Structures are given as C-alpha cells and as structure tokens.
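This report concerns only the one structure given below.
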Amino acid sequence: MKGENLQRLTSGAEELLRENLSFMKGESGHEYLDEDETTDYVKELDFVHDSETPGDADLDGLEEELRRIESEYDQGDGKMDSEAAVAVREHVDITRTQASDHGIWHDLSIRKFPWFVRHRWSYEGEAAMRKKFWTHGVALDSQSCTFERLWWIAEITRRENDEDDPYLYTRRAFSTRRFVFRVFDIKMGRYMPAAYALINVLFDEKGDEEESDEVVNGEFVKNDIIDEVVQRFRKSGAAMPYEGRDKESLEDALGDIRSNVEAELADK
C-alpha cells in the first residue's frame, strides 16, 4: 500500500454496514466486504500526491504497525489505543482540513483495516459496532469512528517541536480511559491549549522512573478529581471562554480548580 492514494467512501456506503452484520462481527468468509459492493462508493483523493499540499500516507507502514499491535494486545484491550493513535498519525500525515473528511476514515475502517476495528472493539450489538466503522458526529467526539478518533487525539496532543518524544502527551492522555472520555468526547478536547493544560495539571510526573510507568513517567489524579475538575472547567468556560486563552492562563485556572476540588474532597 506504500505510496497508494488515500481514498474516501461516500455517504451511501454506510448502508453496506447495515446490510452486512456478518462483516461487523468478522465471521468466517466475511472479514472484508465484496469489492464489487464498495466500488461505486470509492473516490480518489488527489491531494495526497499534490506537492503543494501537505499530506502523505504510508499504508504499508500503518498496516505493519497495526499487525504488531494486534499481536501484542488481546481483543478489546483499550491499552492498545496509545500505540495505535501514534501509528495512525505518523503514517497518515495530512492536514487538519484534509483530516476533517470523514470519508477517509470510513475507508480505512471499512475497506483497508476492518480487522483492526474488530480487534479493538468486541462486538456488543449492531448499533454500537456500526459506530466503530462510521462517524456519526463531528471530527472528534464519542461518535467518531475508530481511525478518525485515534488520529485526532494524537494530532491534538502531539508536540511537534519536541524532537525527543513528540507523542509523550498522547501516551499520557491514553494512560487512563477516564481522561480520554471526559476530555476528548466534548468540544473542549478539540482546542489544543486546553488539552495540553488539562494534561499538565491533572497528570502528576514522578521523579523516580522506577516508581512509575516508564513510558509516561507518572500518573493521572484519581477519577473523581478528573471528573470534578473538568466539570468545573467547562462551567467556567461559559463565563470566560477558554478558546483564545493561552496554555499558561488555562493552567493557572485549572491549578486553582484542582486545589479547590482536592480540598473539598479531603473534607468529606
């Protein structure tokens, strides 16, 4: 797949999911959809090879990484998200404008790597599984399909100027499902300074790597603190919108909120 154009699926392809329950379950002989069924819905994206437009995809490299991840994690293990997000963002290097095209991610999920979607998500019902293949929301929320969600979280948390480890924040974000759920399933998670600030304030670094996860070197605060801080931060955004505020200003506000929350919880 190396050098192959990214492609997109048009909206009519969603009906193929409704008609192919065996495909979503990955039953024998139904691991992939019949190419004759999908041909009319596949569209090319010329921008991938347009030298004046940033964007590139190494689908061979992505498949290799996804196969490795599949072999190392049990089906349904959410811990694979951290590595998968980095792999998707590294091998699908396109702009945010380009990435806002849901059809790209539908094609990756349905035609190119459906086996990974089924490995990441255990089948728990038709409607729930269909959402893993097909986006029903915006570019980043709880309704985004598997590859779209992974790409955007890695994009938002990627520190482009960090030559040593640009995806440190990505791995930290995915180190607890509660943080991902509370931050990236809402509009706030699409504002990069807010995402950075939330990670900095709610993630406690450990000085001694032997006492912490060697990958992320620390851990998030407890779930009840994450929940309350995010809730209060969202309410404060109604009076003073966080869009347009820089990371330092947001961190100061979040630091105060965290201190108040911890003090109140300690008194209970």
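The values are calculated or read from the model by the stated rules, or taken from the named source; none is laboratory data. As the structure is a prediction and not an experimental result, all values here were calculated from the model. Here the Cβ is made from the backbone with ideal geometry for all residues, glycine too, and neighbour counts use every protein chain on show. Note: areas computed on protein heavy atoms with side chains; ligands, DNA, RNA excluded. Shrake-Rupley method; radii C 1.70, N 1.55, O 1.52, S 1.80 Å.
Data for the structure
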{"quantity": "Selected residue (criterion: modelled with the lowest pLDDT) from residues of the stretch 223-254 that are surrounded by fewer than 14 Cβ atoms within 10 Å (Cβ to Cβ) and under 17 Å from Phe179 (Cβ atoms)", "calculated": "Gln231"}
{"quantity": "Breaking point among (1) β-branched (Val, Ile, Thr); (2) surrounded by fewer than 22 Cβ atoms within 10 Å (Cβ to Cβ); (3) assigned by the TED database to the domain that holds Ser100, for Ile153", "calculated": "(2)"}
{"quantity": "Of all residues making up the stretch 156-195, the number that are surrounded by fewer than 17 Cβ atoms within 10 Å (Cβ to Cβ) and more than 23 Å from Arg234 (Cα to Cα)", "calculated": "7"}
{"quantity": "Close pairs (6 angstrom Cβ cut-off, 6 or more residues apart or separate chains): under 14 Å from Ala84 (Cα atoms) and assigned to a helix (DSSP H, G or I) in the stretch 163-184, at pLDDT 90 or above and acidic (Asp, Glu) anywhere", "calculated": "none"}
{"quantity": "Selected residue (only one of Leu108, Leu66 is open to solvent by less than 10 Å² (accessible area, probe 1.4 Å) and in contact with a strand residue (DSSP E or B) (Cβ under 9 Å, 6 or more places away or on another chain))", "calculated": "Leu108"}
{"quantity": "Criterion violated by Asn217 - all others in (1) modelled with pLDDT of 85 or more; (2) on the phi > 0 side of the Ramachandran plot satisfied", "calculated": "(1)"}
{"quantity": "Ala99 in the same structural domain as Lys43 (by the TED database) and either surrounded by fewer than 17 Cβ atoms within 10 Å (Cβ to Cβ) or within 12 Å of Leu66 (Cα to Cα) (or both)", "calculated": "no"}
{"quantity": "Tabulated pairs, the stretch 7-36, first more than 22 Å from His119 (Cβ to Cβ) and in a helix (DSSP H, G or I), second among the aromatic types (Phe, Trp, Tyr) and open to solvent by less than 90 Å² (accessible area, probe 1.4 Å), C-beta under 9 angstrom, 6+ apart or interchain", "calculated": "Ser11/Tyr41; Gly12/Tyr41"}
{"quantity": "Test: Gln98 is touching a residue at least 24 places away in the same chain (Cβ under 8 Å) and in a helix (DSSP H, G or I)", "calculated": "yes"}
{"quantity": "Residue within the stretch 38-55 that is surrounded by 19 or more Cβ atoms within 10 Å (Cβ to Cβ), among the acidic types (Asp, Glu) and outside any loop (DSSP other than H, G, I, E, B) present", "calculated": "no"}
{"quantity": "Evaluation of Leu198 against (1) under 30 Å from Thr39 (Cβ atoms); (2) modelled with pLDDT of 90 or more; (3) surrounded by 16 or more Cβ atoms within 10 Å (Cβ to Cβ) (one fails), failing number", "calculated": "(1)"}
